[in-house]
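See structure below.
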Amino acid sequence: MIKFYLYGLICFSSISFFSFQQKQKFNIEASIARGKEVYNTYCMSCHQDQGTGIEDIYPPLAKSDYLMADKGRSIIQTLYGVTGAITVNGKVYNTDMMGFDLSDQEVSDVLNYVRNSFNGKSAAVTPEEVNAVRK
């Protein structure tokens, strides 16, 4: 009887562990869907619906060499903003962008949306990466 009880406990523990591990797996599609909502709330007024920006004022995010060149920089600028001139696709933009008070998940989501909707497919930005940059 004790063997049966221990066997059951081990099986239950294993199933629970593997279920927990699967829940922890990062879902890029869900992140992109959530990111669209964050984008619409915080980014769309300047960078426009399709990420094209406003010529000579706000840089494009769509097909942006600047955005895609450095994931860490994108995280920093989403959190803390941008001051001074930047060059995007060969054109200089010098309009400041404020940072946003977003959670690690929201920063991850909005960057996954922008990097995968306007720029083809790219590596995921995880909340853990955002948290590491935030520290």
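The values are calculated or read from the model by the stated rules, or taken from the named source; none is laboratory data. Only a predicted model underlies this, so the values are computations on that prediction, with no experimental measurement involved. Methodologically, a virtual Cβ is constructed for each residue, glycine included, from the backbone with ideal geometry; neighbour enumeration extends over all protein chains shown.
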Discussion item. Taking the criterion of being of a type in the set (S, T, Y) and under 21 Å from S103 (Cα atoms), would at least one residue in segment 50-68 satisfy it?
Written reply: no
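State which residue is modelled with the lowest pLDDT when the search covers only segment 20-53 and only residues that are in a loop (DSSP other than H, G, I, E, B), surrounded by 13 or more Cβ atoms within 10 Å (Cβ to Cβ) and within 14 Å of the chain's Cα centre (by Cα).
Here the residue is F26.
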Item to complete: Could you tell me whether any residue of segment 56-66 is surrounded by 15 or more Cβ atoms within 10 Å (Cβ to Cβ), modelled with pLDDT of 95 or more, in contact with a Cys (Cβ under 8 Å, 6 or more places away or on another chain) and of a type outside the set (K, R)?
Response: yes
Response to the item:
With criteria (1) surrounded by 14 or more Cβ atoms within 10 Å (Cβ to Cβ); (2) within 11 Å of the chain's Cα centre (by Cα); (3) of a type outside the set (K, R); (4) within 14 Å of I32 (Cβ to Cβ), I75 comes up short on (4)
Worksheet item: Is it true that some residue in segment 104-119 is among the acidic types (D, E) and without any contact (Cβ under 8 Å) to a residue 60 or more places away in the chain?
Response: yes
Worksheet item: How many residues are outside any loop (DSSP other than H, G, I, E, B) and within 25 Å of T126 (Cβ to Cβ) if we restrict to segment 54-75?
Response: 10
Response to the item:
Among the residues of segment 76-135, the number that are among the polar types (S, T, N, Q), assigned to a helix (DSSP H, G or I) and either touching a Phe, Trp or Tyr at 6+ places or on another chain (Cβ under 8 Å) or under 16 Å from P60 (Cβ atoms) (or both) is 4
Worksheet item: Out of (1) under 15 Å from Y39 (Cβ atoms); (2) surrounded by 18 or more Cβ atoms within 10 Å (Cβ to Cβ); (3) at pLDDT 95 or above, what's the single condition that is false for L102?
Response: (2)
